[in-house]
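The values are calculated or read from the model by the stated rules, or taken from the named source; none is laboratory data. Just so we're clear, the structure is a prediction, and the values are computed from it rather than from any experiment. Here the Cβ is made from the backbone with ideal geometry for all residues, glycine too, and neighbour counts use every protein chain on show. Just the protein is used for accessible areas: all its heavy atoms, side chains included, with ligands, DNA and RNA removed. Shrake-Rupley method; radii C 1.70, N 1.55, O 1.52, S 1.80 Å.
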Amino acid sequence: MSDLVWTSLTDLARAIAARDVSPVEVVQAHLDRIAALDGKLKAYLTVMADAALERAKAAEAAVMSGEPLGRLHGVPVGFKDLYCTKGVKTTGGSHILADWVPDEDATVVSRLAGAGAIALGKLNMHEFAFGPEGLNPHYGTPWNPWDPNTHRICGGSSSGSGAAVAAGLCPGALGSDTGGSVRIPSALCGISGIKPTYGRVSRAGVLPLAWSLDHVGPMCRTAADCALMLGAMAGYDPRDPTTSVLPVPDYTAALTGQVKGLRVGVLRSFFLESTGVALRHAVEEAVKGLEGLGATIQDVNLETANFAPAASYAVLSSEAYAYHEAWLRERPADYGDDVRQRLRVGAFISAAEYLKGQQARALIRREVDGALAKADVLVCATTPIVATAVGQGEVTVEHEKLAVRASLIRFTRPFNLTGHPAASIPCGFTAAGLPVGLQIIGRPFDEATVLRVADAYQRATDWHTRRPPVDQPRPVAPEGRPA
């Protein structure tokens, strides 16, 4: 299998611009890998092979003729299947939209295409983005590539994006994040992803889950790749009135490799204290690594984090139900059982409960802002657990049985409520070979510092360079049958 599928998005862009490799070779290598592996991984819902090769040939011609090139010229990417793509099915991972073909692109799809990126296809996801596990009863649940023998979750809702990037089926992808859906699959799949500040990236043409919580973000194998992708996507969009008019910095220029003097606040109470032992050790080692690079370390306590579950429940459930009300009434059987049940709960959230959720949200935001007045970034584990088996509902953490679903979003959803930028990067592996994620949270519209810290850590470590055993054959039992 071609090493092009393991080349970073940044290096692919440079190599294509330097004529060291053709966009056609790059796209074909990824299409070949999709054909070889996606029957098991189920990362893609739609593969746009013919269109991708056609665009690759045009990209090659542009390089050879000396035309001006975009920052992602000829580089293949994948889109979570809630991003509208003109002339290509956009299902939202649902049966309800199984045959829906939009007549225009989402803004971020247009912007990435304008930067020269080539769409490989549409990626699998938890139905309508409403689930942190990444399950899909309609099209099949993606398989986490870090365990070739046990069907483990990729994390949701951007499960296909996580699997595709981790397994070399695309170098970069778009996810969406309402309660952790960029960061959770990034952590469970051993890749890098960032949820930008609320309002930094347009959501026009993106199927909503909860309007006031939804974020658009890139998922790649490195923080540097996320910086490159984010720079091509970010900025004000008149189609989305929530987008900010603040200028977009050069994120790649911010990647100096230096963190000396930066103040890192370590979230312990509610966060590290309720993390599994192996994960907590990995995060503590990552903190020591940042300290070794010159950052100063301090403990931070967010007392209002305990309000996040109830606040998120009230806000998200209400907003999701408002979007799905008509379909729930007219086509309830077309939803998967888990999503239908959770959507219906929103009908019973009162206006008073919704407003209390928003009030609690303001308190959490105020405390996070206060913490970030004394620290440049905050860090903790992205999730308190690693990828569980598909269908597993409970997990034991520190001798306590916890629900998998609630555990996955425990550390991520507070920062959807507050809107702060937050990234997840790999910081270690368990003894069983499953990835652990480090979450890095920054000040509003300061994605540059978040990415700077993530990139500096990755320059000093190799966790992000490790490849899952997806290419390895299954072990064979002595009698010759697959084990």
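Listed values, structure above:
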{"item": "Where the stretch 279-434 is the region considered: accessible area per residue in Å², 1.4 Å probe", "result": "44 Å²"}
{"item": "Prolate/oblate/rounded call for the stretch 345-483, Cα gyration tensor, a/c under 1.5 rounded", "result": "oblate"}
{"item": "Interchain or long-range residues, amide H under 5 Å from R152's placed H", "result": "N144, V390"}
{"item": "Whole-percent carbon and sulfur share, accessible surface of the stretch 204-313, 1.4 Å", "result": "58 percent"}
{"item": "Solvent-accessible surface (1.4 angstrom probe) belonging to R221, in square angstrom, nearest 10", "result": "20 Å²"}
{"item": "Amide hydrogen neighbours beyond the local backbone of D147, cut-off 5 Å, H modeled", "result": "none"}
{"item": "Peptide ranges 185-193, 148-156 listed from the most packed, as the mean C-beta count within 10 angstrom indicates", "result": "185-193, 148-156"}
{"item": "Cα-based equivalent ellipsoid of the stretch 95-196: semi-axis lengths in Å, sorted from largest, via gyration tensor", "result": "22, 17, 13"}
{"item": "Listed pairs K86/K195; K122/K195; K80/K288; K42/K89 exceeding 28 Å between Cα atoms", "result": "K80/K288"}
{"item": "Under Karplus coefficients 6.51, -1.76 and 1.60, residue-wise ³J(HN,Hα) of the stretch 40-52 in Hz, glycine/proline x", "result": "8, 6, 6, 7, 9, 9, 9, 9, 9, 4, 5, 5, 5"}
{"item": "D446, D3, reordered so the largest accessible area comes first (probe 1.4 Å)", "result": "D3, D446"}
{"item": "For the stretch 142-163 and the stretch 338-404, distance of Cα centres in Å", "result": "21 Å"}
{"item": "Chymotrypsin sites (Phe, Trp or Tyr not before Pro) within the stretch 27-111: DSSP coil, no more than 15 neighbouring Cβ in 10 Å", "result": "W100"}
{"item": "Residue order for K356, K260 - accessible surface, 1.4 angstrom probe, largest first", "result": "K260, K356"}
{"item": "Computed accessible area, D338, all protein chains, 1.4 angstrom probe, square angstrom", "result": "40 Å²"}
{"item": "Low-density loop cleavage sites - chymotrypsin sites (Phe, Trp or Tyr not before Pro) in the stretch 335-378, where at most 15 other Cβ are within 10 Å (DSSP)", "result": "none"}
{"item": "Qualifying aspartates and glutamates (Cα of each under 19 Å from Cα of K356; at least 8 residues distant if same chain)", "result": "E303, E319, E367"}
{"item": "Segment E104-T461, length gained on full extension (0.36 nm per residue, minus Cα span)", "result": "124.4 nm"}
{"item": "For the stretch 104-160: rounded, prolate or oblate by the Cα gyration tensor [a/c cutoff 1.5]", "result": "prolate"}
{"item": "Net charge contributed by nearby residues that have their C-beta within less than 14 Å of A51 (K/R +1, D/E -1)", "result": "+2"}
{"item": "Rounded percent of accessible protein surface that carbon and sulfur make up, the stretch 356-455, 1.4 Å probe", "result": "52 percent"}
{"item": "Prolate/oblate/rounded label for the stretch 216-348 (Cα gyration tensor, a/c 1.5)", "result": "oblate"}
{"item": "27 Å Cα-Cα reach of K401 towards lysines, excluding residues that sit fewer than 8 places from it in its own chain", "result": "none"}
{"item": "For the stretch 15-30, 3J(HN,Hα) per residue [Karplus equation, 6.51 cos²θ - 1.76 cosθ + 1.60, θ = phi - 60°, Hz, x = Gly/Pro]", "result": "5, 5, 5, 7, 6, 7, 8, 8, x, 5, 4, 5, 5, 5, 4, 6"}
{"item": "Per-residue SASA entry for K288, accessible area with 1.4 Å probe, Å² rounded to 10", "result": "120 Å²"}
{"item": "Normalised contact order of the chain, rounded percent, pairs of Cα under 8 Å and 6 or more residues apart", "result": "17 percent"}
{"item": "R183, R203, R366, ranked by accessible area, largest first (probe 1.4 Å)", "result": "R366, R203, R183"}
{"item": "Neighbour count of at most 12 Cβ within 10 Å plus DSSP loop: longest GluC sites (Glu not before Pro)-free window in the chain", "result": "1-397"}
